[in-house]
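Comments concern the structure below.
The values are calculated or read from the model by the stated rules, or taken from the named source; none is laboratory data. Given the structure is predicted, the values throughout are model-derived calculations rather than measurements. Reconstructed Cβ throughout: ideal geometry from the backbone, glycine too, with neighbour counts over all protein chains shown. Only protein heavy atoms, including side chains, enter the accessible area calculation; ligands, DNA and RNA are left aside. Shrake-Rupley method; radii C 1.70, N 1.55, O 1.52, S 1.80 Å.
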Amino acid sequence: MEGSVLIDGSVMEGGGQILRMSAALSCITGTAIKISKIRAGRSTPGLRPQHLSGLQLVSDLCSGSLQGATIGSTDISLSPGKIQSGNHTADPQTAGSVCLLLQVALPCALFADSSSQLCLKGGTNAEMAPQIDYTVKVFKPIVEKFGVNFDCDIRMRGYYPKGGGEVMVTVNPVKELLPVTMTERGNITKIYGRAFVAGVLPFKLAKDMSTAAVRTIRKEIKDLYINIQSLQEKEKACGNGNGIIIIAESSTGCVFAGSALGKKGVYADKVGIEAAEMLLRNIRHNGCVDEFLQDQLIIFMALAKGRSRIRTGAVTLHTQTAIHMAEQLTQAKFTITKCDDELSSNDTYIIECEGSGATNPHL
């Protein structure tokens, strides 16, 4: 392929994120890409069902031509065409994460000529990926600051190992994305969440996760009412699972989360404590986003027109990888500066980006 950008899929974090980021940016910028050494260092290298269906979804969205896309493949190439609105479906037929499918498809659908319906199947609450509740409660309100507008209808929740979940996402196109500044954390004003059991698991597990989580947070945050609902999922759930997500909101509109999923042989209170500790860790650094939102915002900062500034905790390898991909495939320029004001812990940073100002040719 003449003039295609070559991407090494094994650099830095070296996982599926490189794939999602470069496929989405290829689609939006109209740049052909060739990715090699995909997930080279992983225990099962190459494309897994979830990565494959994500790539097919993007290729479908941009009427592109996709080569080398088979399970286990470590080399693919994508030549994008025109971005198509309308209905698109992705189904890895596993518990592969619907949230990761959304991560790759959402930016592309923003640059279509009219609204898109994405039917995403798989796991809604899966390991190594955001839970769907995170996507709706944390990711969504913050990306809306960039001018993104989308809706998520959770039709069915699906759990490991079968999946079977289904989420309908409607995405409205944008002319261009706005830059975002989030540098003031303010005070934590609200903490709430959901502890769930699905399928045959006893309701007591939800109660145990919730109680342990509240107890853990109480040690550090004494004066806030913490509202974690315990839920038994019956009809809109496929398979068995348990988990918890706890969300904290600040006075300036920042949103943070801690979450964990139950596993065989792990006590429920341990799951609750893990989620609570993750939340507390993400509040302590006084940044405006948690460690998981941090890398998910990079693509929007890179595409926005103008300068974005976001205050964060320690910059993750996922984020550094996303920045590396964004700078390779767009004109965006990122800088990371350590904060040393009186509010910062020893790990507070500002990620700044002069965005590439991608515009939607169809609008």
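Rg over Rh for the range 245-308 works out to 1.10, using Cα positions for both radii and the Kirkwood form for Rh. Based only on Cα atoms, what Rg/Rh ratio does the chain have, Rh being taken as Kirkwood's radius? Taking Rg over the Kirkwood Rh, I get 0.96. Normalised by 2.2 N^0.38 Å, where N is the number of residues, the C-alpha radius of gyration of the range 260-363 stands at 1.31. Between Lys338 and Arg215, the simple spin-label model (points 7 angstrom out along Cα→Cβ) gives 3.9 nm. Of the three principal axes defined by the Cα atoms of the range 159-261, the extents in descending order read 45, 42, 18 Å. Distance from the Cα centroid of the range 92-127 to that of the range 286-328 is 20 Å (rounded to whole angstrom).
As a quick test, which of the pairs Lys219/Lys270; Lys137/Lys162; Lys207/Lys270; Lys121/Lys236; Lys204/Lys236 have an alpha carbon distance above 21 angstrom in this structure? Display every interim value, and only then the final one.
On the way: Lys219/Lys270 16 Å; Lys137/Lys162 25 Å; Lys207/Lys270 12 Å; Lys121/Lys236 14 Å; Lys204/Lys236 19 Å.
Beyond 21 Å between Cα atoms: Lys137/Lys162.
For the range 263-318, chymotrypsin sites (Phe, Trp or Tyr not before Pro) meeting the loop criterion (DSSP other than H, G, I, E, B) and having at most 14 other Cβ atoms within 10 Å: Tyr267. Label zone (Tyr225, point 7 Å along Cα-to-C-beta; backbone nitrogen cut-off 14 Å) within the range 132-151: none. Averaged per residue, the chain has 41 square angstrom of accessible surface, using a 1.4 angstrom probe with ligands and nucleic acids left out.
Helix 98-109 axis versus longest C-alpha principal axis of the chain: approximately 40°, rounded to the nearest ten. Using the Cα coordinates of the range 85-156, the gyration tensor eigenvalues translate into equivalent-ellipsoid semi-axes of 19, 16, 9 Å, sorted from longest to shortest. Note: the range 204-282, Cα convex hull, 102 Å³ per residue.
Using only Cα atoms, figure out Rg for the range 144-199 and give it as a multiple of 2.2 N^0.38 Å.
That works out to 1.67 for the range 144-199.
In straight-distance terms, cross-link reach from Lys222 covers every one of the lysines whose alpha-carbon lies under 19 Å from its own, apart from those fewer than eight places away in the same chain; here that gives Lys190. Taken over the range 1-147, the ratio of Cα radius of gyration to 2.2 N^0.38 Å equals 0.99. Spin-label pair Arg42-Val266: with each label point 7 Å from Cα along the Cα-Cβ axis, the two points sit 1.9 nm from one another.
Expressed as a whole percentage, what fraction of the accessible surface of the chain belongs to carbon and sulfur atoms when a 1.4 Å probe is rolled over the protein heavy atoms? After summing per-atom areas, the C and S share lands at 51 percent.
Estimated at 0.36 nm per residue, the fully extended path between Val11 and Thr189 surpasses their Cα-Cα distance by 60.1 nm. Straight-distance candidates among the lysines for linking to Lys175, with alpha-carbon spacing under 16 Å and chain neighbours fewer than 8 residues away dropped: Lys82, Lys145, Lys305. Here the 3J(HN,Hα) profile of the range 187-193, calculated from phi with Karplus coefficients 6.51, -1.76 and 1.60 at θ = phi - 60°, is 9, 6, 10, 7, 10, 8, x Hz, Gly and Pro shown as x.
Binning all Cα-Cα separations of the range 108-204 at 10 Å, short to long from zero, yields these whole-percent fractions: 13, 36, 32, 17, 3. Between Gln232 and Ala314, the simple label model (points 7 Å from Cα in the Cβ direction) yields a spacing of 4.2 nm.
Using only the C-alpha atoms, the convex hull of the range 180-337 corresponds to 138 Å³ per residue.
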